[in-house]
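Peer 1: Take this structure first; my questions come after.
Here, each number is a calculation from the coordinates, and none is a lab measurement. Predicted model, so just to flag it, every value in this text is computed and none were measured. Positions of Cβ are backbone-derived with ideal geometry, glycine not excepted, and every protein chain shown enters the neighbour counts.
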Amino acid sequence: MPRLILPRLRPRHRMLFAEIRSHWARLALAMVSSFIMAVTQVAIAYLIKNVIDDIFVQKDLGMLKVMPIAVVCIFFVRGLGYFGQEYFIGIVGQHIIKNLRDAMYARVMALDLSFFQGERTGGLMSRVTFDTNMVRDMVSRSVTGMVRDFFTVLGLIGVIFYRDWRLALYAVVILPVAYYPVMYFGDAVRRASGKGQAAMEDMSALLQETFAGVKIVKAFSAEAHETRRFQGRTGRYLKLQLKNVVAQSLSSPIMEVLAGAGIALVVWYGGYQVVTGESTPGTFFSFMAAVLMLYDPVRKLSYTMNAVQEGLAATDRIYDLLETETRVKERPDAVELAAGAHTVSFENVGFSYDGNEAVLAGITFSVKPGEVTAIVGASGGGKTTLVNLIPRFFDVTGGAVKVDGIDVRDLTLASLRKRIAIVTQEPILFNDTVRANIAYGRPDAPMEEIEAAAKAAFAHDFVTAFPAGYDSVIGELGSRLSGGEKQRLAIARALLTDAPILILDEATASLDTQSERLVQKALDNLMAGRTVFVIAHRLSTIRHADRILVVAGGRIVERGAHEELLEKGGVYRKLHSMQFTEDEQ
Ligand code: ADP
Ligand code: MG
């Protein structure tokens, strides 16, 4: 039973309370306002005796003048109290939401890529949006609601006892009896709410995935399948919510029946006392009013319990996220990578995603400035994984990746990543202007440089053909941008950052031959003078690479220049002849 009244506090809850405490002044004002509301409520119950006995029974003219004024004053003060309570707690609640959301977003942004592979975007979004709302509800209900309802209950019980303590003793027997079902249902709601929120996360994840991938859904005529899947999720949520509905809709009538029994008792006994002249009608009605007024705050206190339980469950989910540690950590004594051209070397590098299965093993090679290293091999061989180790999207599990002889783990992440530009198969453009997308890595770049980058990437011509030119917003262009055009914008972005290390991961793989030719020309401009890693699907694009690494099963199985490897007659030769026949067809 005590467990139900005060939810267990954990260190992470104390962190939230520290955040709440930082708003102590507003909270204090909100509490004072809530207290004022409680006082006025009690005053109304108390004054009913005077209204009835003095005005109606005694026909006291003096009271007839005083009472209406008193009533107006009480309700005015009550209005002030209501305003203060809602206003101050509202402000605190909104600040808490903002701060929690900001902290969550900053945390998520700081996490390494492996985190995102374990989490679904929609689920994360639900935590940042819904869970923070629940925390606000918990704070506002527990601060203002608790103060107001607690003191209202206390005051009303005081009035009851003051009016007729013997009758009061009968009445309060009812209260604890009514208390038990409230707590019982509160517990049920808390359990359902935790699961409900998890189901909500599931649902948002599905929404996010299918909305973002709607093209694929349609292409595979999977609308009905996805609709059924969604119905499965809403069905699960529904089942949980129905339990909630049962608990919530049962708790009120049970309370009311109990309250009704209490009132019947009071009417019978109190009425008898008035009839026999032992009590006055004013005393009886004041007593009665206080008993009736008790119902509302007691019920609200139980809601407050639910809000606190839900809020604490949400707090847990929020702090689970806030306390997630990034696996790619910067050393406290990390050094800045100096500007200039860079040599990148892999020294006996091994890597595993799960700590068991080796995805890369014994990778050793070195790339000097101005050199192009091509990485080829069948899909799943580990090529993407290999280049992801350079900007430390993941950390090696064996050996070391070094830039200019310094282990990348000894460099600051910002200085390392600023020196690297990446163009992937799927160009990522944000819903902003073309200009902002090109300048993503250098937001303060002057317009001439942005245009120069776009020209070198063969993007200038099609951009200036848009009605708003560089100020066109990507989202509004919609499907006007072809895959090749998007890729050339991504290349312009990489050109503008002018990073000395360049990683191209199948940058032309998803393009048709026509746009590939233009993109390839743009890439040639981009590659000049840099330390370049090219993962290429089409071998024709890498025949001039300084070095070709053939990766299979996480190992370098062959290395050398194009002609050398062809002569060798190994894996590369096989890959090459396979493509040659493909291209002829
Ligand atoms: P490639 O780029 O050559 O196609 P990848 O580097 O993408 O190959 O993948 C190499 C291997 O690592 C594959 O077996 C793939 O399934 C696995 N892999 C890739 N990414 C992850 C990941 N985030 N978690 C676990 N395994 C992964
Ligand atoms: Mg890949």
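Peer 1: Would you list, by chain and number, the lysines whose Cα falls below 24 Å from the Cα of Lys239, excluding same-chain residues fewer than 8 positions away?
Peer 2: Candidates past the 8-residue exclusion: Lys195.
Peer 1: What are the equivalent ellipsoid semi-axes of region 267-395, built from the alpha-carbon gyration tensor (square roots of five times its eigenvalues), in whole angstrom, biggest first?
Peer 2: Semi-axes from the Cα gyration tensor: 79, 17, 11 Å.
Peer 1: Further, regarding this structure: To the nearest 0.05, what FRET efficiency results for Tyr105 and Val214 with a Förster distance of 25 Å applied to their C-beta separation?
Peer 2: The calculated FRET efficiency here is 0.45.
Peer 1: With the calculation restricted to Cα positions, what are the radius of gyration and Dmax of region 305-376 in angstrom?
Peer 2: Rg then Dmax for region 305-376, in Å: 21.7, 66.
Peer 1: Let me ask something additional. Between region 14-67 and region 370-425, how far is it from one alpha carbon centroid to the other, in angstrom?
Peer 2: After rounding, the separation between the Cα centres reads 68 Å.
Peer 1: Report, in whole Å, the centroid distance computed from the Cα atoms of region 135-163 and region 501-560.
Peer 2: The two parts, judged by their Cα centres, are 70 Å apart.
Peer 1: Tell me, in nm to one decimal, what length is gained between Arg573 and Arg331 on full extension, where the rule is 0.36 nm per residue of separation less the Cα-Cα distance?
Peer 2: 82.7 nm
Peer 1: While we're looking at this one, here's another question. Mean separation of Cα pairs under 8 Å and 6+ residues apart, divided by the residue count of the chain: what relative contact order is that in percent?
Peer 2: Worked out over the chain, it gives 15 percent.
Peer 1: Modelling each spin label as a point 7 Å along the Cα-to-Cβ direction, I'd like the Leu566/Ile428 distance in nm, to one decimal.
Peer 2: Simple spin-label model gives 3.8 nm for this pair.
Peer 1: Kindly state, as a whole number, the per residue volume in cubic angstrom of the convex hull around the alpha carbon atoms of region 261-306.
Peer 2: 54
Peer 1: Next question. For the residue pair Thr234 and Asp320, what label-to-label distance in nm results when each label sits 7 Å from Cα along the Cα-to-beta-carbon direction?
Peer 2: Once both label points are built, they end up 2.5 nm from each other.
Peer 1: Rounded to the nearest 0.05, what FRET efficiency do Thr412 and Asp354 have when you use their Cβ-Cβ distance and R0 = 30 Å?
Peer 2: 0.60
Peer 1: Have a look at Ala28, Gly262, Ala307 and report the one farthest towards the positive end of the charge dipole of the chain, computed about the Cα centre with Cβ charges (Lys/Arg +1, Asp/Glu -1).
Peer 2: The one lying farthest along the dipole's positive direction is Gly262.
Peer 1: Sticking with this structure for a sec: Tell me, Val408, Val173 in order of fewest to most beta-carbon neighbours within 10 Å?
Peer 2: Result, fewest neighbours first: Val173, Val408.
Peer 1: What distance in nm separates the two pseudo spin-label positions at Arg191 and Asp546, each 7 Å out from Cα along the beta-carbon direction?
Peer 2: If labels sit at Arg191 and Asp546, their model points lie 6.7 nm apart.
Peer 1: Can you list the residues of region 418-451 with backbone N under 19 Å from a point 7 Å past the Cα of Lys368, pointing along Cα to Cβ?
Peer 2: Output list for this probe position: empty.
Peer 1: If you find the alpha carbon centre of region 262-284 and of region 313-338, how far apart are they in angstrom?
Peer 2: Value for the Cα centre distance between the two parts: 67 Å.
Peer 1: List the aspartates and glutamates whose alpha-carbon lies under 15 Å from that of Lys568, not counting same-chain residues fewer than 8 positions away?
Peer 2: Glu558
Peer 1: Here's something else I'd like to know. Highest first, please rank the peptides 504-510, 368-374, 217-223 by the mean number of other Cβ atoms sitting within 10 Å of their residues.
Peer 2: Most protected by this proxy first, the peptides run 504-510, 368-374, 217-223.
Peer 1: For a paramagnetic label modelled at 7 Å from the Cα of Ser114 toward its Cβ, which residues of region 335-359 fall within the zone defined by backbone nitrogen distances under 17 Å?
Peer 2: 349-359
Peer 1: Using the per-residue mean of other Cβ atoms lying within 10 Å as a proxy for protection, in what order, highest first, do the peptides 279-292, 333-346 fall?
Peer 2: Top of the packing list down: 279-292, 333-346.
Peer 1: Here's a follow-up. Using the membrane-span-like helix rule (whole DSSP H runs, Cα extent along the own axis of at least 27 Å, mean Kyte-Doolittle hydropathy at least -1.0), which helices of the chain qualify?
Peer 2: 24-50, 61-110, 165-212, 223-275, 281-322
Peer 1: Something else about it: How far, in nm, would the chain grow between Gln273 and Gln94 when pulled straight, counting 0.36 nm per residue and subtracting the alpha carbon separation?
Peer 2: 59.2 nm
Peer 1: Using just the alpha carbons, could you tell me how many Å³ per residue the convex hull of the chain encloses?
Peer 2: Here the figure is 213 Å³ per residue.
Peer 1: Oh, and also: Report the calculated FRET efficiency for Asp471 and His537 (r = Cβ-Cβ distance, R0 = 41 Å), to the nearest 0.05.
Peer 2: So, using R0 = 41 Å, E works out to roughly 0.75.
Peer 1: Shifting gears a bit: Per residue, how big is the convex hull around the C-alpha atoms of region 356-414? Give it to me in cubic angstrom, could you?
Peer 2: Measuring per residue, one finds 107 Å³ for the Cα hull of region 356-414.
Peer 1: Give me the extension gain from Phe130 to Thr343: residue separation times 0.36 nm, minus the current Cα-Cα distance, reported in nm with one decimal.
Peer 2: Residue separation times 0.36 nm, minus the Cα-Cα distance, leaves 71.9 nm.
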